[in-house]
Amino acid sequence: MCRMILAHGQFDAAAVLDAARAMSCGETACHEGPIKQHPNGWGCLWLEQGHIRTLHGTGRFADALPDIDVDRLQHSRFLAVHVRHATLSKNQGIAFSHPLSRTSGETQWYMMHNGFLPTVYAQLGMAASQFDSAEYLEYIVDRITPADFTRDYLRAKMAQVAPGGSAANAIFVTRHKAWAWQWHPHDTPYPDYFTLHRCQQSNRIYIASEPVSALGTASEWHRMSNHELHEIPFGE
């Protein structure tokens, strides 16, 4: 299970990174889920001169944060950060830190995932799951173009996955657009834990796993609906 946040527009990169740190340490946890801290790896994705850049690490994000070049991120108009709690202890290390990436056709896709999808491997014809998030990314983006990446498409894909998963919440990113996708089973025992929150301000937007008061007031944060897809075009 994980926490994640994206920012688009005119934002303070240091504040977004600190929001991710706060979520990773359990400082902003206001949910019923049993997991409050997320110490098993982290990753950042941002736009830099028209190109997607990524940075990955293992261990606690709070320990890594002082060494991240914040000035490099400050000029970006899009930043996403992922902090991880490994559901399976065997799936730890740099190879399991998000964002994950995969090429489909002419599109390079990136994804940050919150949840556990132990049955999605069957949709790929695999005998057993190796890493559920990587299998989820492959299942969703193979043979799809960004133009066809819609809420109906995602809902139809998730309807084919056998029960047993906790959530498919994700941030998907391509060179020209990002999407925040909210999905969990209707009978989840932890709906607050698996709900994304959106904060729309005059010149920026935040979407995060938890409302972060340092970025916006309580009245500015709104829960996303289950099965909601929010699109963010980057423009040129």
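Name the residues in the stretch 139-155 that are open to solvent by 50 Å² or more (accessible area, probe 1.4 Å) and part of a helix (DSSP H, G or I), would you? Give the derivation first.
Step one: of the stretch 139-155, the residues open to solvent by 50 Å² or more (accessible area, probe 1.4 Å) are 143, 145, 147-148, 150-152, 155.
Result: Ala147, Asp148, Arg151, Asp152, Arg155.
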Filtering the stretch 97-131 down to residues that are crowded, with 16+ Cβ neighbours inside 10 Å, without any contact (Cβ under 8 Å) to a residue 40 or more places away in the chain and either small (Gly, Ala, Ser) or more than 29 Å from His51 (Cβ to Cβ) (or both) yields Tyr121, Gln123, Ser129
Among (1) within 28 Å of Glu138 (Cα to Cα); (2) touching a strand residue (DSSP E or B) at 6+ places or on another chain (Cβ under 8 Å); (3) touching a residue at least 12 places away in the same chain (Cβ under 8 Å), the one test that Arg53 misses: (3)
Across the stretch 218-227, what is the number of residues that are surrounded by 15 or more Cβ atoms within 10 Å (Cβ to Cβ) and out of contact with any strand residue (DSSP E or B) (no Cβ under 7 Å at 6 or more places or on another chain)? 2
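Matching residues to (1) assigned to a strand (DSSP E or B); (2) at pLDDT 95 or above:
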| residue | (1), (2) |
| --- | --- |
| Ile5 | yes, yes |
| Ala20 | no, yes |
| Pro39 | no, no |
| Cys44 | yes, yes |
| Leu47 | yes, yes |
Please verify whether Ala127 is over 19 Å from the mean Cα position of the chain (by Cα) and either closer than 23 Å to Asp12 by Cβ or assigned to a strand (DSSP E or B) (or both), treating the condition exactly as stated. no
The conditions are (1) in contact with a Phe, Trp or Tyr (Cβ under 9 Å, 6 or more places away or on another chain); (2) β-branched (Val, Ile, Thr); (3) closer than 17 Å to Leu6 by Cβ, and Thr195 fails exactly one of them. Which is it? (1)
Name the residues in the stretch 51-109 that are under 18 Å from His8 (Cβ atoms), of a type in the set (Val, Ile, Thr) and outside any strand (DSSP E or B), would you? Val70
Can you confirm whether the stretch 59-81 contains a residue that is within 14 Å of the chain's Cα centre (by Cα), open to solvent by less than 70 Å² (accessible area, probe 1.4 Å) and not hydrophobic (A, V, I, L, M, F, W, C)? no
Filter pass, Ala180 being within 17 Å of His8 (Cα to Cα) and outside any helix (DSSP H, G or I): yes
Only one of Val173, Val161, Val212 is open to solvent by less than 60 Å² (accessible area, probe 1.4 Å), at pLDDT 95 or above, touching a Phe, Trp or Tyr at 6+ places or on another chain (Cβ under 9 Å) and under 23 Å from Cys25 (Cβ atoms), namely Val212
Within the stretch 86-96, does at least one residue satisfy the condition of being in contact with a Ser or Thr (Cβ under 8 Å, 6 or more places away or on another chain) and either closer than 15 Å to His184 by Cα or open to solvent by 70 Å² or more (accessible area, probe 1.4 Å) (or both)? yes
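The values are calculated or read from the model by the stated rules, or taken from the named source; none is laboratory data. Remember, predicted model here, so these are calculated numbers, not experimental data. Here the Cβ is made from the backbone with ideal geometry for all residues, glycine too, and neighbour counts use every protein chain on show. Heavy atoms of the whole protein, side chains included, go into the accessibility calculation; ligands, DNA and RNA do not. Shrake-Rupley method; radii C 1.70, N 1.55, O 1.52, S 1.80 Å.
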